[in-house]
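Below is one structure; the comments refer to it alone.
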Amino acid sequence: MARNKYPEETINQILTVALNLFIQKGYEQTSVQDIINELGGLTKGAIYHHFKSKEEILQAVIGHMFKGVDEMLSGVRDDNGLNGLEKLRKISRVSLDNPAQNEMASAAPNLLRNPKILAAQIENIFEKAIPVYILPIIEQGVRDGSIRTDYPRELSEVLLILTNLWLNPAVIQASPEAMLRKVRFFHEILKGLGLELFDEQMFQRYEELFRLSAREVSIDN
């Protein structure tokens, strides 16, 4: 690949290749040279012109992964036409429908073997997703009466921990049937808290993602 005269395009290509390698081989097993080899024609000097280290590449990869998610979450959070519960429902729907979900399911990463990426995801949940997006929505729901809880912060943490880790086949691998049972059980838990977030269309979408992930794991093995 010839050096791109547009730095942003070059950076995006580096990050895309790096993410694929981190998922396939693991962060620790991927070298900067591996990334260069996949870019074909880009020199090590060109890589280090944009990134000082592999660690810096990882940080940029994580930011790249969450960029679209941040835009989506802020758009829902700031929608004045929805109450708190409606915002949570919308976030649940659009998060599942995000094309990036298909990409991750197709890649079938095992994040337990990629602790750097998993740790970055958990850090993003607690330092950004919960306090900046989900907690304000739940607090709005408490104020407008659409959500009833005396524990808004704890509820926001449970929601994101379970959906992003416990219901994530990249973290806890299981059959599509077992994963879907977990989703339906989670739905029952939320109903007990007065939160009706999921509908049958969302169950079908979960099943689609679980089966896509399971198929990729089977092919790789």
Looking across segment 159-175 at residues that are part of a loop (DSSP other than H, G, I, E, B) and of a type outside the set (S, T, N, Q), the single one that is surrounded by the most Cβ atoms within 10 Å (Cβ to Cβ) is Pro169
Starting from segment 90-112, keep only residues that are part of a helix (DSSP H, G or I), then list their pairs with residues that are open to solvent by less than 50 Å² (accessible area, probe 1.4 Å) and at pLDDT below 65 whose Cβ atoms are within a distance under 9 Å, requiring at least 6 positions of separation or different chains.
Ala105/Glu216; Ser106/Glu216; Ala107/Glu216
Residue list for segment 135-146, filter: touching a residue at least 60 places away in the same chain (Cβ under 8 Å) and assigned to a helix (DSSP H, G or I):
Ile137, Asp144
Yes/no for Lys90 being at pLDDT 90 or above, open to solvent by 50 Å² or more (accessible area, probe 1.4 Å) and within 21 Å of Ile125 (Cβ to Cβ):
yes
Looking at segment 40-67, I want the residues that are among the basic types (Lys, Arg) and have a partner that is modelled with pLDDT of 85 or more with Cβ atoms under 9 Å, at least 6 apart or on another chain. Which pairs are those?
Lys44/Val32; Lys44/Gln33; Lys44/Ile36; Lys54/Ala18; Lys54/Thr30; Lys54/Ser31; Lys54/Val32; Lys54/Ile35
Among the candidates Arg205, Arg184, residue that is assigned to a helix (DSSP H, G or I) and either over 24 Å from Lys87 (Cα atoms) or under 17 Å from the mean Cα position of the chain (by Cα) (or both)
Arg205
Just to be sure I understand the filter: pairs with C-beta atoms under 7 Å, separated by 6 or more residues or on different chains, first member in segment 152-174 and in contact (Cβ under 8 Å) with a residue 60 or more places away in the chain, second member of a type in the set (Ser, Thr, Tyr) and open to solvent by less than 40 Å² (accessible area, probe 1.4 Å). Which pairs pass?
Pro169/Ser213
List the helices (runs of 4 or more DSSP H) inside segment 5-71, counting only whole elements, that have at least 2 residues being touching an Asp or Glu at 6+ places or on another chain (Cβ under 6 Å) and surrounded by 12 or more Cβ atoms within 10 Å (Cβ to Cβ).
7-25
Conditions (1) surrounded by 19 or more Cβ atoms within 10 Å (Cβ to Cβ); (2) modelled with pLDDT under 95; (3) of a type in the set (S, T, N, Q) -> Ser156 fails only (2)
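The values are calculated or read from the model by the stated rules, or taken from the named source; none is laboratory data. Note that the coordinates shown come from a computational prediction; the quantities given were computed from them, not determined experimentally. Cβ coordinates were reconstructed from backbone atoms using ideal geometry, including for glycine residues, and neighbour counts include every protein chain displayed. The area values use the complete protein model at the heavy-atom level, side chains included, leaving out ligands, DNA and RNA. Shrake-Rupley method; radii C 1.70, N 1.55, O 1.52, S 1.80 Å.
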